[in-house]
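The values are calculated or read from the model by the stated rules, or taken from the named source; none is laboratory data. The model shown is predicted, which means the values in this text are computed figures rather than measured ones. Here Cβ is always computed from backbone atoms with ideal geometry, including for glycine, and neighbour counts include all displayed protein chains.
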Amino acid sequence: MGSPSRMLNPRTMRIWCGIHTWSSLISTFFLLVLCLTGLPLVFQDELDHWLSHVADPAEVAADAPRISADRVAEIAQARVPASAIQFIVPDKDEPVWRVTMGPAANVRAFDAIVSIDAHTGQILGVEKDYSSPVMAFILKLHTDLFAGQVGSYFLLFIGLTFLLAIVSGIVVYGPFMRRLDFGTVRRRQGSRVRWLDLHNLMGIVITAWLLVVGATGAINTLATQIAIHWQRTELVDMIAPWKNRPAPTHIVPPQQALDAAMAAAPTMTVSSIAVPGNPFAGPHHYAVFFRGKTPITSRILKPILIDAETGAVADTRDLPWYARALFVSQPLHFGDYGGLPLKIIWALLDIVTIGVLCSGIYLWISRREPQIEILITAVAGAAPPPQASRSIE
C-alpha cells in the first residue's frame with residue numbers, strides 16, 4: 001500500500017493543509033512561550049540549586065547516623081514557631097530534609113520551606129517555596145500563564161491543538177518526500193523555499209519527540225484536577241472507616257509512623273510524609289508516600305496510611321492509572337529521566353522546536369497559497385501551475 005498522502009486526493013489534501021495551517025497558527029504564539037520557558041525548566045534542579053540561598057549539607061562519612069524525623073520536626077517548628085508542619089520531605093539527591101510549613105496543616109498555602117541537614121540537624125536555609133523566585137515565576141508562566149485553573153485548561157486546549165498540527169504536518173509532508181530526497185534544502189531558489197524545506201525537515205526529524213512532549217504536556221495541565229480527584233475518591237475510600245470518629249487525642253511522633261510505613265514497604269524509598277490534618281492524609285492519619293528505585297518506578301508514588309493514634313498501618317494501595325500516567329509524564333516532559341546528558345538533548349530539541357515555530361510564522365506571513373498549490377499538485381501527480389512555480393522556486 002502507498003503512503004497516506006499518496007492516497008489523498010487534491011481536495012482532501014487542501015483540507016489537511018488548512019488544518020495544519022490554522023492549528024499551527026492558533027497554537028504557535030503560546031507554544032513559543034512554552035518552549036522559551038521550558039528551556040530553563042529542563043535544568044530546574046540545577047538552576048534552583050544555583051539560585052537558592054540554601055547551604056550545602058556537611059560532608060560526613062557515608063555511614064554517619066542521621067537524625068530522626070522527630071528531631072527534624074522539632075528543629076523546623078522551633079525555626080518557624082508560628083506555622084504548622086504540613087509535609088516532611090527527604091531530598092532525593094542529598095542528605096537533606098525539607099519541611100513545608102503553613103498557616104495550618106490543612107491549608108493549601110506555604111509559609112516557608114525549612115531545609116535541614118539530615119546528619120547534623122543544621123538549618124541550611126529557609127525559603128518561601130521549593131523553587132527560587134525566578135524559577136517559580138517561569139514555572140507559573142509555563143503551567144498556567146498566571147491564570148490559575150483557567151490557564152491550565154487553556155493550555156490543555158493549546159496542547160491538543162499542537163498535537164493536531166503535528167499529525168496534519170505528517171500528512172502534508174508526504175508529497176515533499178515524493179518530490180525531493182530526504183533532507184534536501186533548496187538553497188538557490190529563494191529564501192522562502194529554503195525556509196519551507198528547513199521547516200519541513202526540522203519538523204519531521206523531531207516529530208516523535210514533539211508528540212511525546214505535546215502529549216505529556218497536555219497530561220500535566222491536569223495535575224491539579226488529578227490530585228483533587230484522587231483525594232475525593234481513593235483517599236476518601238481509604239479513610240472511610242475513621243470518618244465518624246472524633247479527632248485523635250494523641251498523635252504518635254512522625255518517626256514512629258515512618259518506621260511502621262518503612263516496615264510495610266522495605267524495598268521502596270520514602271518520598272514524603274504528610275502529617276495528620278493534611279489534605280493528603282486526613283485528620284486521623286499520617287500519609288507516607290514511597291517511590292520505587294528504578295528509573296520508571298522512582299516517579300510513581302505509593303501511599304501508606306498510618307493510624308495517627310496507634311502508629312499501625314491503616315491502609316495502602318497503588319495509585320490509579322490516571323495518577324500513574326501523570327507521575328510518569330511529568331519527568332518525561334522535561335527530560336528528567338537520564339540525568340544531565342538527557343536534559344541537554346531535551347534542551348537542543350526544544351531549540352529546534354523554536355526554529356520550527358519561527359519558520360512556520362515566516363511561511364505564513366509570506367504568501368501561503370503557492371505552498372498549498374504545490375502540495376496539491378504533488379498529490380495529483382501533475383506539474384505545479386506556473387504562478388505557484390514562479391512564487392516558490
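Observations on the structure shown:
- Against the test of being in a helix (DSSP H, G or I) and closer than 25 Å to S298 by Cα, the options T216, T267 yield a single qualifying residue, T216.
- The lone exception for S359 - which of (1) out of contact with any helix residue (DSSP H, G or I) (no Cβ under 8 Å at 6 or more places or on another chain); (2) crowded, with 18+ Cβ neighbours inside 10 Å it fails: (1)
- Verdict on A208 being outside the structural domain of I300 (by TED's automatic domain parsing), surrounded by fewer than 18 Cβ atoms within 10 Å (Cβ to Cβ) and assigned to a helix (DSSP H, G or I): yes
- Just one of (1) closer than 30 Å to S68 by Cα; (2) in contact with an Asp or Glu (Cβ under 7 Å, 6 or more places away or on another chain) fails for I123. It is (2).
- Residue ID - farthest from A323 (Cα to Cα), chosen from residues in region 233-247 that are of a type outside the set (G, A, S) and not in a helix (DSSP H, G or I): P246
- Yes/no for I19 being in contact (Cβ under 8 Å) with a residue 60 or more places away in the chain, hydrophobic (A, V, I, L, M, F, W, C) and part of a helix (DSSP H, G or I): yes
- Matching entry among I361, I345, I351 (being farther than 30 Å from P283 by Cβ, at pLDDT below 90 and of a type in the set (V, I, T)): I361
- Failed item, numbered, when D91 is tested on (1) of a type outside the set (G, A, S); (2) at pLDDT 95 or above; (3) surrounded by fewer than 19 Cβ atoms within 10 Å (Cβ to Cβ): (2)
- Hey, A325 modelled with pLDDT of 95 or more and out of contact with any Ser or Thr (no Cβ under 6 Å at 6 or more places or on another chain) or not: no
- Residue match in region 345-355 (condition: free of Cβ contacts under 8 Å to residues at least 60 places away in the same chain, buried (at least 16 other Cβ atoms within 10 Å of the Cβ) and of a type in the set (D, E, K, R)): no
- V379 vs. criteria at pLDDT below 90, outside any loop (DSSP other than H, G, I, E, B), surrounded by 15 or more Cβ atoms within 10 Å (Cβ to Cβ) and aliphatic (A, V, I, L, M): yes
- Applying the criterion of being surrounded by 11 or more Cβ atoms within 10 Å (Cβ to Cβ) and assigned to a loop (DSSP other than H, G, I, E, B) to the residues of region 248-264, the residue that is modelled with the lowest pLDDT is P248.
- For D63: the one exception among (1) in a helix (DSSP H, G or I); (2) within 30 Å of Y286 (Cα to Cα); (3) charged (D, E, K, R): (1)
- Pairs are defined by a Cβ separation below 6 Å, a sequence spacing of at least 6 or placement on different chains, a first member in region 25-51 that is farther than 16 Å from G214 by Cβ and assigned by TED's automatic domain parsing to the domain that holds T161, and a second member that is crowded, with 17+ Cβ neighbours inside 10 Å and β-branched (V, I, T); the pairs so defined are P40/I138.
- Test result for Q77, modelled with pLDDT of 95 or more and not in a helix (DSSP H, G or I): no
- Some residue of region 214-234 being modelled with pLDDT under 95, out of contact with any helix residue (DSSP H, G or I) (no Cβ under 7 Å at 6 or more places or on another chain) and under 27 Å from E94 (Cα atoms): yes
- Check on D56, modelled with pLDDT of 95 or more, acidic (D, E) and either out of contact with any Phe, Trp or Tyr (no Cβ under 7 Å at 6 or more places or on another chain) or assigned to a loop (DSSP other than H, G, I, E, B) (or both): no
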